[in-house]
1. Does Asp138 satisfy being among the acidic types (Asp, Glu), surrounded by fewer than 18 Cβ atoms within 10 Å (Cβ to Cβ) and in a strand (DSSP E or B)?
2. Can you tell me how many residues within the range 144-189 are part of a strand (DSSP E or B), open to solvent by 10 Å² or more (accessible area, probe 1.4 Å), closer than 19 Å to Gly110 by Cα and of a type outside the set (Ser, Thr, Tyr)?
3. Is it the case that the range 113-126 has a residue that's farther than 19 Å from Glu173 by Cβ and in contact (Cβ under 8 Å) with a residue 40 or more places away in the chain?
4. Among the residues of the range 133-190, which ones are within 14 Å of the chain's Cα centre (by Cα) and closer than 15 Å to Phe67 by Cβ?
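The values are calculated or read from the model by the stated rules, or taken from the named source; none is laboratory data. Keep in mind it's a predicted model, so treat the numbers as computed, not measured. Here the Cβ positions follow ideal geometry from the backbone for every residue, glycine too, while neighbour counts run over all protein chains shown. Ligands, DNA and RNA are stripped out before the accessible areas are found, and what is left, the full protein with its side chains, is counted by its heavy atoms. Shrake-Rupley method; radii C 1.70, N 1.55, O 1.52, S 1.80 Å.
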Amino acid sequence: MIFTKPNNPKNIIIAGLSGIWLGSMALGGMARAVEVGDGSHQFEHPPALENISSSSHTTGSWHDTHFFTIRLPEDAGEPLARVDIELQGPEMSPEMSWEYQTDDTESFLGTQDNPGDSVDLASVSHNLDEGMVSVVFDTPVSPGETVTLALSPDRNPRMPGPYNFNVTAYADENGQTGQVIGCDRLRLYD
């Protein structure tokens, strides 16, 4: 603002109020985390499941890798601490089940086609009864990054067809309130 009489008290007040307004607008545009009732945090703008892919789409295939690519927006408000991946579908028979080799799970910045630096993992667990894999990052992934999880099943199921995965992201490693960030499928063929 340009004033012809800069020392005029009225102009000083107007300039001060304008500065407060501009400052509040700038802060209002920044991402803020949302705290939920259990004390954990959620994302202001949640990550997005970009893609699920496989190195092999063959039933019964050994040495396959499933890639789950997640994009964390700049304005997420919180880093990504944990990801849960759940196989959705009908009652799982032995012919349709997945058992992941949790010790072989890897994570890296970027995508399957354009991998970057490795991201260390604190833990990987697989609850076979629930069909749930939980991945906790050693250091949470920062907003603005894209991260890919590479999970290796012992073997692909023997039944062809689509296998749906539901992916949930957590801003807190131990938080109870995650945000579903996408559902995608892998299709297996004979």
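1. Criteria met by Asp138.
2. Here the count works out to 3.
3. Scanning the range 113-126 turns up no residue that is farther than 19 Å from Glu173 by Cβ and in contact (Cβ under 8 Å) with a residue 40 or more places away in the chain.
4. Answer for the range 133-190, where residues must be within 14 Å of the chain's Cα centre (by Cα) and closer than 15 Å to Phe67 by Cβ: Val133, Val135, Thr146, Val147, Thr148, Leu149, Ala150, Phe165, Val167, Gly182, Asp184.
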